[in-house]
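Shown next, in structure tokens, is the structure this report addresses.
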Amino acid sequence: MRRGQGSRQADIAREAGVSQSTVSQVLRGAGDLSRISPETQRRVLTAARRLRYTTSPHQRTATQSRNTPLLLGVHTFEPIFPTSIGDYYFEFLQGIEEQAGIEGCNLVLFTAARDEGGIRRIYRNGVNGLGQAAGSLILGHRAHLDDLARLAADGHQFVYIGHREVPGVEICYVGGDYRAATGRIVDDLVALGHRSFGYLGESSRYEPQADRWDGFAAALDRFGLPVPTPAYVNPDELTAQWLDDSLAAATTAILVESVSLLRVLHAIISLRGLRIPEDVSVVLLVDDPNGEVGGQPWAAMHIPRNAMGAWAVRLLTALLTDPAGEYERQVLLPCSHTLDRTVGPPRT
């Protein structure tokens, strides 16, 4: 078996006991999308690291000429680094770490003091805090757009993990296709017989939240169904009156953007003596990694977080080693969903 820079995907397939196509999917960061089990993905990645496999001749040339691996920075605008595998961001970071090993890159974590708005800024006193890294991976719910625009102007290569648009600048990002995924959820709910919907959204509206609403509204328009007025609220602002009004309007299915909103909605539904899904169906438009609401799985959108992290590393490596190459720089990966347990046909 060949090792080191001569290793091929066929060698990894033999080492891991899987097909070469499985190896290709995992090394592309598409293991989750191809429904390859986590155990199989780990086996492939372990074999790739053991064989010192690198995915790109461009990347090998770059690292050989420098005699050191590329150093990739990881920056978050909020304190999101996980303390357990149940945390929402765990799989993003796991995908980053695993793919960095495949690409032959090193990682460094950058942290920064928070500004008055609670955001960890990249620039401080005019200095780019990520300057030590060849390029950076950036995460966080509340991105500071001025920092992203300045990074782009300074020529610092970076990839944002999530869908973000910066006025006047086309930044590179890897996000989830929440618009299409929400539309497919509505398709399935309509197929079950639902015709009247409610929508609970987060009060802070960024591209991922807007994409979900747009997909929801567009799907209802496509069916010629009424589009409800969305409730964009903080969890502590959600009242039982909203649910009462929704049910009085014959709502049979509610889509919810966040776990925190779902927690309050579930409590209100329980206090009203109602049952899910017999009285109303509920779909969560994000994963609930801990299954913490009601102690049960929910009908939900499933975000390819591991694949997003891995794909972002691959894209950043390409930007650093082949900046003029022809490849997609703004990527939205497909999301899946399940409609079990908390979704059923409406009462007739």
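The values are calculated or read from the model by the stated rules, or taken from the named source; none is laboratory data. Since we're looking at a predicted model, the values are computed, not measured. Here the Cβ is made from the backbone with ideal geometry for all residues, glycine too, and neighbour counts use every protein chain on show. Heavy atoms of the whole protein, side chains included, go into the accessibility calculation; ligands, DNA and RNA do not. Shrake-Rupley method; radii C 1.70, N 1.55, O 1.52, S 1.80 Å.
Check V227 against each of (1) more than 22 Å from the chain's Cα centre (by Cα); (2) under 24 Å from D288 (Cβ atoms) and name the one condition it does not meet.
(2)
Can you pull out every residue in the range 187-222 that is under 14 Å from S281 (Cα atoms) and in contact (Cβ under 8 Å) with a residue 40 or more places away in the chain?
D188, L189, L192, G193, H194, R195, S196, F197, G198, Y199, L200
Kindly evaluate S24 against the criterion of being farther than 18 Å from A100 by Cβ and either surrounded by 15 or more Cβ atoms within 10 Å (Cβ to Cβ) or at pLDDT below 80 (or both).
Against the criterion (farther than 18 Å from A100 by Cβ and either surrounded by 15 or more Cβ atoms within 10 Å (Cβ to Cβ) or at pLDDT below 80 (or both)), S24 qualifies.
Restricted to the range 191-207, and to residues that are in a helix (DSSP H, G or I) and aliphatic (A, V, I, L, M), which residue is nearest to E278 (Cα to Cα)?
The selected residue is L192.
May I ask you to say which residue of A152, A253 is modelled with pLDDT of 95 or more and of a type outside the set (F, W, Y)?
After ruling out the rest, the residue left standing is A253.
Only one of these conditions is not met by W298: (1) of a type outside the set (D, E, K, R); (2) open to solvent by 10 Å² or more (accessible area, probe 1.4 Å); (3) within 30 Å of Q157 (Cβ to Cβ); (4) under 22 Å from the mean Cα position of the chain (by Cα). Which number is it?
So the condition that W298 fails would be (3).
Step by step: first the residues of the range 130-143, then only those that are more than 12 Å from F158 (Cβ to Cβ) and either open to solvent by 10 Å² or more (accessible area, probe 1.4 Å) or among the basic types (K, R) (or both), then the one that is modelled with the highest pLDDT. Which residue is that?
So, considering only residues that are more than 12 Å from F158 (Cβ to Cβ) and either open to solvent by 10 Å² or more (accessible area, probe 1.4 Å) or among the basic types (K, R) (or both), the one modelled with the highest pLDDT is H141.
Report every pair of residues separated by at least 6 positions or lying on different chains whose Cβ atoms are under 6 Å apart, first residue within the range 39-68 and open to solvent by 90 Å² or more (accessible area, probe 1.4 Å), second modelled with pLDDT under 75 and in a helix (DSSP H, G or I).
These pairs meet every condition: R52/G4.
Here is a yes/no grid of residues against (1) of a type outside the set (K, R); (2) open to solvent by 60 Å² or more (accessible area, probe 1.4 Å); (3) assigned to a loop (DSSP other than H, G, I, E, B):
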position	(1), (2), (3)
Y160	yes, no, no
R164	no, no, yes
I171	yes, no, yes
A180	yes, no, no
L189	yes, no, no
Q209	yes, no, no
S270	yes, yes, no
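Return the residues of the range 211-231 that are of a type outside the set (G, A, S) and either under 14 Å from E257 (Cα atoms) or not in a helix (DSSP H, G or I) (or both); say none if nothing qualifies.
The answer is D211, R212, W213, D214, F216, L225, P226, V227, P228, T229, P230.
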